[in-house]
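Student: So that we are looking at the same thing, I have put the structure below in structure tokens.
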Amino acid sequence: MKLYTFGTPFETIAVDPNSTEEVREEKVLPYLEISRDVVDETPSLVFTRKLAGRDVVYGLGETMRGINKRGGRYVSYNTDCPHHYQSMPSMYGAHNFIVIDGEEKFGVFFDTPSRVTFEIDYENSGELKVICETEDLRLYLIEESSALEISRAFLRLIGPSFLPPLWAFGLGQSRWGYGGDEDVERVFKGYRENELPLDYICLDIDYMDRYIDFTTNTEKLPDLGALSARMKEQGIRLVPIIDAGIKVEPGNKTYDEGLEGGYFSVKENGEPFHAAVWPGMTHFPDFFQPEAREWFGRQYEGLTSQGIEGFWNDMNEPSIFYSEFEGQKSQWLGDIVINKLFPDRQEKGEVSAYRDYKRFYHKINGQLVQHHRVHNLYGALMTVASAGGLEKQVDGRYLLFSRASYIGAHRYGGIWTGDNSSTYEMLRQNLLMMPSLSMCGFIYTGADTGGFGENCNRQLLLRWLALSAFTPLERNHSALHTREQECYAFGDTTAFRALIRLRYLLIPYLYSEFMKANLRRDMLLRPIAFDFPNDERALRTEDQVMVGESVMIAPVLRENSLTRRVYLPEDMQKVRYHLTESGEPVFDVELWKRGEHTVNVPLDEVVFFIKKDAAIIVSTDEKAMSTNEMDLSHVRLLGEGASYEQYLDDGRTKVMAEENIRTVTEAGATA
Ligand code: GLC
């Protein structure tokens, strides 16, 4: 791997300090032309290259559009984007890694927290153009034999994902509005009474006192510790949300400490910067200061001491509804600002808080640095701060996932893909995004199952469960004012039971593949072209994805469709899964020939594929209501392969080791 250094780069967190990947400093950059430009009054470096018609461009993690990124313009500039339309240039993460796969094959990682724009055959220009709004940057160039090998080398550079506990592979139920005992008990009852497995329930901002971080609304939630203990006995964890902004509220301990310590981001004159988010006016922690991170991490103690072992961090791009510079333009609904904030900006697809990002500063090594210059690291450093606290406070592994991210944050927490909506387009986008995220190290990830905005229906939620059964993070989440979206809210629950049961039967495989990929710095979800690089047809097939070593999924992505076309790049085992009337799981396996096929997929069934000669494992704990009731060694082989290499541990130890891999055969398992 080659490293090119321009100017004096800002130290990001992308590269794993423990990486043993050999990196050589070089001066002459092949493949890309370099020029200089001034963009938004900023001296910028521009990298260009002609693209051949056949070149495929992969990567960019959390971005819209296809697995092949050609045709799009992508702006790495972390954004609270409530509308995920196809041409939305910026999402919540900045993942500046691309792979060009053609006659020449190489990967490039642009390591800078500044804004970076990728135009990839945009408007059929036939050109790749990468505009980095900085002259200070590290560029890593990776030359390997295939897109998969390039991605693997990159993963060796950036290091493994954080280790979620086993229970984080179970189903989560969430909704904006869940705030206390009543919600939690209702959801728990709804799932249990319908025999729907569940592992955790998320609490949204409503559990807080007036949306103030690290407080609880004692009316709705009189005793969080007691509720958490009660739920844990039933195998259910509570996962509260934490937002980036700290409400300006003298007398509040977190606020007072933050002010006293100088831990908040400031204006040019050194005074704390004000901007409004859910609680009204807030200050933003200056996560760039190590002491501020330490302080912020400590704040979780109030919740972890009550038995909480998992959190989701939100609004950390950071999202800004309006600032002291803007005046109050938004409409208030009680304490909640509704999303019709700055219509002029949204029309232009502009970052909602763009102007504000130039108005506040971080204290970095004794200097004030404009937020805009380092914007893309902000949320990632919030993840680092939280992880620092949770490492100390939680016994064993913790669950943490964030909305904003930068490559490197994956070593501290996962991410979810933000405010999607209940549409088939978003379901498809969920599938397309997973391999790109896997290339960038984010393997503990998933989308809001069922969709966040808009009203879901029974059919869409079932189809979504059939996809998210294969993503490590599987959480049903929906927005305030949308219809109820819990798996028991759509009448007869038989089909839901079948699909959630599939997830739990697959947990040993998913978990094992997650751990092996992590240990070996491999991808977890891959474009099928990565496994079949010489197959032209596979190269153009984006709506099928590899999950772990030997599974290929091809979910139904269209409304009212009970069939879909599937392309098999080689002979494969087709698996048809369903539950019998008495609730016994059935996996019918059939060998299918290479080529195109039509599969029938009723709403209560799932069809997936296993590579020929391979086997996977499924759990034999067929009635488990949560991962608590599962023993990962209770598995059987599925498929014609003679054995499966299972990664097996207690699901909470923080050490990964090759010794934890055992061979499972039909006769049993050997270490
Ligand atoms: C943001 C989050 C969403 C959450 C809501 C309220 O929109 O992305 O998941 O429910 O805020 O906290």
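Student: What's the total number of residues in segment 416-461 that are part of a loop (DSSP other than H, G, I, E, B), under 21 Å from MET546 (Cβ atoms) and within 13 Å of the ligand (Cβ to nearest atom)? Even if it seems obvious, please write down each step before you answer.
Tutor: Going residue by residue through segment 416-461, those that are part of a loop (DSSP other than H, G, I, E, B) are 417-420, 422-423, 440-444, 447, 450-452, 454-457.
Next, only the ones that are under 21 Å from MET546 (Cβ atoms) stay: 417, 440-444, 447.
When the remaining residues are screened for being within 13 Å of the ligand (Cβ to nearest atom), the result is 417, 447.
Here the count works out to 2.
Student: Among the residues of segment 594-615, is there at least one that is over 14 Å from LEU502 (Cα atoms) and more than 32 Å from the chain's Cα centre (by Cα)?
Tutor: yes
Student: OK, next. Take the residues of segment 299-321 that are more than 16 Å from the ligand (Cβ to nearest atom) and touching an Asp or Glu at 6+ places or on another chain (Cβ under 9 Å): which is most open to solvent (accessible area, probe 1.4 Å)?
Tutor: GLN306
Student: Would you please name the residue that is farthest from LEU399 (Cα to Cα), looking only at residues in segment 215-251 that are without any contact (Cβ under 8 Å) to a residue 40 or more places away in the chain and within 16 Å of the ligand (Cβ to nearest atom)?
Tutor: Taking the candidates together, the pick is LYS247.
Student: Also, I was wondering about something else. Within the group SER125, SER145, SER161, which residue is among the small types (Gly, Ala, Ser) and either within 16 Å of the ligand (Cβ to nearest atom) or touching a residue at least 60 places away in the same chain (Cβ under 8 Å) (or both)?
Tutor: Only one candidate qualifies: SER161.
Student: Look through GLU119, GLU143 and report the one residue that is under 25 Å from the mean Cα position of the chain (by Cα), open to solvent by 10 Å² or more (accessible area, probe 1.4 Å) and of a type in the set (D, E, K, R).
Tutor: GLU119
Student: Looking at the structure I just gave you, is ARG475 charged (D, E, K, R), part of a helix (DSSP H, G or I) and either open to solvent by 10 Å² or more (accessible area, probe 1.4 Å) or within 15 Å of the ligand (Cβ to nearest atom) (or both)?
Tutor: no
Student: What's the total number of residues in segment 628-656 that are touching an Asp or Glu at 6+ places or on another chain (Cβ under 6 Å), open to solvent by 10 Å² or more (accessible area, probe 1.4 Å) and of a type outside the set (A, V, I, L, M, F, W, C)?
Tutor: The qualifying residues number 1.
Student: Just checking, how many residues over segment 231-244 are within 12 Å of ILE205 (Cα to Cα) and not hydrophobic (A, V, I, L, M, F, W, C)?
Tutor: 2
Student: Taking ALA466 and the conditions (1) away from the ligand (no atom under 16 Å from the Cβ); (2) under 21 Å from LEU505 (Cβ atoms); (3) open to solvent by less than 10 Å² (accessible area, probe 1.4 Å), which numbered condition does it fall short on, given that it satisfies the others?
Tutor: (3)
Student: Does segment 360-408 hold any residues that are more than 21 Å from GLY297 (Cβ to Cβ), surrounded by fewer than 20 Cβ atoms within 10 Å (Cβ to Cβ) and either touching a Cys at 6+ places or on another chain (Cβ under 8 Å) or touching a residue at least 24 places away in the same chain (Cβ under 8 Å) (or both), and which are they?
Tutor: LEU368, VAL369
Student: Let me ask something additional. Within segment 252-277, work out how many residues are open to solvent by less than 20 Å² (accessible area, probe 1.4 Å) and either more than 16 Å from the ligand (Cβ to nearest atom) or closer than 21 Å to GLY413 by Cβ (or both).
Tutor: Looking only at that region, the number is 8.
The values are calculated or read from the model by the stated rules, or taken from the named source; none is laboratory data. Everything quoted here is computed from the prediction, not taken from an experiment. Virtual Cβ from ideal backbone geometry, glycine too; neighbours counted across all protein chains shown. Each accessible area value is taken on the protein alone, full model and side chains, heavy atoms only, with ligands, DNA and RNA left out. Shrake-Rupley method; radii C 1.70, N 1.55, O 1.52, S 1.80 Å.
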